[in-house]
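Below you'll find the structure, written out as structure tokens, and then a few comments.
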Amino acid sequence: MGGGKIRAALLVVLAGVACGCPPPRQAVTGPSAARSMLRVGVSPDAPPVAFMRDGRIVGVEPDLAQALSDESRRPLALIPMEFNALIPALLDGRIDAIMSGMTVTPARQVRVSFADPYMRSGLLPACRRDAAARFRTRQAIVGLGGNVGVRMGSTSESWAQANFPYANVAVYPTIADAARELAQGRLDLILSDAPQVAWAVSEHAGTLQVVQVLLTHEDIAWAFRREDVALRDAANTALATMRQDGRLRAILQRWIPYLDQLERAR
């Protein structure tokens, strides 16, 4: 989803607060509830992690945010914004947590504190079905001399810039935009986090396919302000409970039914 749609979604959330009508997944009953509200920043343009459906933000992270809200007994407010705006919003105090499929990287760890990872993922390419024979190995993929589509501001963008010496790296607002370009023959590959690229390919199932070569191994986690140790520790406790009682796996499989297949990708 592009920036205009995210801004529109934010206006819907803010309008709901202004008129006294609670936005999706948020219950506000008075000043004391507002003070204890868990404000979660999310970029709703990356299915199945987070995206808009029927005017609501849905996906893996919204379900996990609701579970965290239930565990902590704090009302939840999902705050939609551009992915690149999430960390500045967290540091400025406009949100309390980032739950948006964020990869743990050394550069991000300098600025924010991550909870324990809730999922192991990695960068996975996809191609047109009629070109699949070209991309059976890692060497064939990174040796590409054509065009690779990635999402702006993502780890796939920085990884592609560093590891595709012969390819032109084309940047798109969303991986869904890149997938459409791939289906139309204007790209040779797209690259994104495994769940996101698999979802994008599913919308062009007759034309595109995932390349079962996982190029990186990455941890996905929630981010907090470095000084907000209490909230991060509470999130880790809630996550451990969800992992033990099976809720974490159930949420992941609800939105990523091909999770087992992705975990086997090497």
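The string of couplings for the range 42-55 from the Karplus curve (6.51, -1.76, 1.60, θ = phi - 60°) is 8, 9, x, 9, 9, x, x, 5, 6, 6, 8, 9, 6, x Hz, one whole number per residue in order, with x for Gly and Pro.
Against the compact-protein benchmark of 2.2 N^0.38 Å, the Cα-based radius of gyration of the range 188-244 scales to 1.67. Taking 20 °C and 1.002 mPa s as conditions, the range 123-210 diffuses translationally at an estimated 174 µm²/s according to Stokes-Einstein applied to its Kirkwood radius (Cα pairs).
In this simple spin-label approximation, Arg186 and Met152 carry label points 7 Å from Cα along the Cα→Cβ vector, and these lie 1.5 nm apart. Here the gap between Glu203 and Gln244, fully extended at 0.36 nm per residue and compared with their Cα-Cα distance, gives a gain of 11.4 nm. When both bridge partners sit in the range 123-210, DSSP labels roughly 50% of those beta bridges antiparallel. As a rough guide to protection, the peptides 38-44, 107-113 ranked by mean Cβ packing within 10 Å, highest first, stand as 38-44, 107-113.
Amide H contacts of Ser154 (H built 1.01 Å from N, in plane; Pro and chain starts excluded): no residue 5 or more places away or on another chain comes under 5 Å. Cα-based radius of gyration for the range 79-154, normalised by 2.2 N^0.38 Å, reads 1.48.
What are the ³J(HN,Hα) values, in whole Hz, obtained from phi via the Karplus relation 6.51 cos²θ - 1.76 cosθ + 1.60 with θ = phi - 60°, for each residue of the range 61-70 in sequence order, with x given for Gly and Pro? Each residue's phi maps through the Karplus curve to give 5, x, 5, 5, 4, 5, 5, 5, 4, 5 Hz. The trypsin sites (Lys or Arg not before Pro) of the range 116-166 meeting both criteria, a DSSP state outside H, G, I, E and B (loop) and at most 16 other C-beta atoms within 10 angstrom of the site's C-beta, are Arg136.
Just so you know, all these numbers are worked out from the coordinates, no wet-lab data involved. Here the structure is a predicted model, which means the values were calculated and not measured. Reconstructed Cβ throughout: ideal geometry from the backbone, glycine too, with neighbour counts over all protein chains shown.
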